[in-house]
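> Please find one structure pasted underneath; my questions will follow.
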Amino acid sequence: MDFIDPIIEQYALDHSDQESDLLNHLNRQTHLNVLQPRMLSGHLQGRLLSAFSKALSPNKILEIGTYTGYSALCLAEGLLPNGVLYTIDINKELSSFAQKYFNKSIYKDQIKMIIGDAIDLIPKMNYQWDLVFIDADKENYSIYFDMVIDHVNPGGWIIVDNVLWSGKVTKPTTNNDLETAAIKAFNKKVNSDKRVSNILMPVRDGMMLIIKN
């Protein structure tokens, strides 16, 4: 679902930093070779993720949901020189695709890909996070939030993608639409959590910016 007039969106893109040649190639190859290319963060959202990361200068980033690696490369642009980004994805088939682009980037030694179920892996990661990006299975958004919030540094950010879910969150939810129900519950949960400040931004499919107080 397009929330912004395409002409306005193109104007915004024309007046924003361009994506790098590597990101542009990754973008094109994802659309040519991978199922559900809409899952890619893309140019405008990617520049926003990069800007957020550069504003924070994080030392430790956790990404839940790698897909083809576009968002990880954007987030890595703000890492401190000794910083590390850990990205988790359950889809082993796409790992070699993403890793190929990580290896071509200047952040190849700073991006660590982990294959497996994030619910099993996150408790074993003994780190304090400066920035967390959640873009994985929607039904577990609330679980991921609960798993990371106590390990986010004060002033740290959690960014969550797809929180408008093509506008479905504004409509009645059917009994079998578990993903929409989960996103609605997550949005309500975050909005009432006194530990954080939050803003839901209508960028692409909706991004929730959560700042730990």
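> Would you pull out the residues with amide H under 5 Å of GLY156's amide H, same chain only if 5 or more places away, H placed 1.01 Å from N?
Those qualifying (amide H under 5 Å, at least 5 residues apart or on another chain) are LYS212.
> Taking springs between alpha-carbon atoms closer than 10 angstrom, which of ILE115, ILE88, ILE143 fluctuates most in the Gaussian network model of the chain?
Between ILE115, ILE88, ILE143, it is ILE143 that shows the largest mean-square fluctuation.
> List, in order, the whole-Hz ³J(HN,Hα) value for each residue of the range 151-163 obtained from phi through the Karplus relation with A = 6.51, B = -1.76, C = 1.60 and θ = phi - 60°; use x for Gly and Pro.
Each residue's phi maps through the Karplus curve to give 10, 8, 5, x, x, x, 10, 10, 10, 10, 8, 6, 7 Hz.
> Counting Lys and Arg as +1 and Asp and Glu as -1, each charge on the Cβ, what is the dipole of the range 1-133 about the Cα centre in debye, to the nearest 20?
Details: 11 positive and 15 negative charges, 95 e Å.
Magnitude of the dipole: close to 460 debye.
> If you don't mind, there's one more thing I want to ask. Cut-off 10 angstrom, C-alpha nodes, Gaussian network model of the chain. Which of ILE158, ILE149, ILE119 fluctuates the most?
Result for the chain, Cα springs under 10 Å: ILE119 fluctuates most.
> Near the amide H of MET207, under 5 Å away, which other amide H atoms are found, from residues 5 or more places off or on another chain, if H is placed in the peptide plane?
Those qualifying (amide H under 5 Å, at least 5 residues apart or on another chain) are VAL163, MET201.
> What number comes out for accessible area per residue over the chain if the probe is 1.4 Å? Units Å², please. Display every interim value, and only then the final one.
Numbers: 10700 Å² over 213 residues.
In whole numbers, the chain has 50 Å² accessible per residue.
> Hey, can you grab everything whose amide H is under 5 Å from the amide H of PHE133? Only 5+ residues off in sequence or another chain; H modelled, so Pro and N-termini drop out.
Excluding prolines and chain starts, which carry no amide H, the hits are LEU62, GLU63, ILE64, ILE159.
> Still on this structure, I have one more. Arrange the peptides 182-194, 126-138 so that the one whose residues have, on average, the most other Cβ atoms within 10 Å appears first. Please list the in-between numbers first.
Details: 182-194: 16.2, 126-138: 20.2.
So the order, starting with the most tightly packed, is 126-138, 182-194.
> Can you list the HN-Hα couplings for the range 177-184, worked out from phi with the Karplus curve (6.51, -1.76, 1.60; θ = phi - 60°), rounded to whole Hz and with x for Gly and Pro?
Taking θ as phi minus 60°, the curve returns 8, 5, 5, 5, 4, 5, 5, 4 Hz for the range 177-184.
> If you don't mind, there's one more thing I want to ask. Residue by residue through the range 192-208, which ³J(HN,Hα) values in whole Hz follow from phi under the Karplus form 6.51 cos²θ - 1.76 cosθ + 1.60 (θ = phi - 60°), with glycine and proline marked x?
9, 8, 6, 6, 9, 10, 8, 9, 9, 9, x, 9, 6, 9, x, 10, 9
> Right, here's the next one. Report, please, the projected area of the range 25-184 averaged over directions, based on the convex hull of its C-alpha atoms, in nm².
Values: hull surface 38.8 nm².
For the Cα atoms of the range 25-184, the hull's average projected area reads 9.7 nm².
> Follow-up. Determine the gain in length on full extension of the stretch ILE143-SER197; use 0.36 nm per residue of separation and subtract their C-alpha separation, reporting nm with one decimal.
On the way: separation 54, 0.36 × 54 = 19.44 nm, distance 1.85 nm.
Residue separation times 0.36 nm, minus the Cα-Cα distance, leaves 17.6 nm.
> Could you tell me what percent of the DSSP beta bridges with both partners in the chain are antiparallel, to the nearest 5? Let's see the in-between values first.
Working: 11 of 30 bridges.
Bridges in the chain that DSSP calls antiparallel: roughly 35 percent.
> Next up: Report, to the nearest whole %, how much of the accessible area of the chain belongs to carbon and sulfur atoms, 1.4 Å probe, protein only.
Values: 5780 of 10700 Å².
The value for the chain is 54 percent carbon and sulfur by accessible area.
> Roughly how far apart, in whole Å, are the Cα centres of the range 99-157 and the range 22-85?
13 Å
The values are calculated or read from the model by the stated rules, or taken from the named source; none is laboratory data. Nothing here was measured: the structure is a model prediction, and the numbers come from that model. Heads up, the Cβs are rebuilt from the backbone with ideal geometry, glycines too, and the neighbour counts pull from every protein chain shown. Heavy atoms of the whole protein, side chains included, go into the accessibility calculation; ligands, DNA and RNA do not. Shrake-Rupley method; radii C 1.70, N 1.55, O 1.52, S 1.80 Å.
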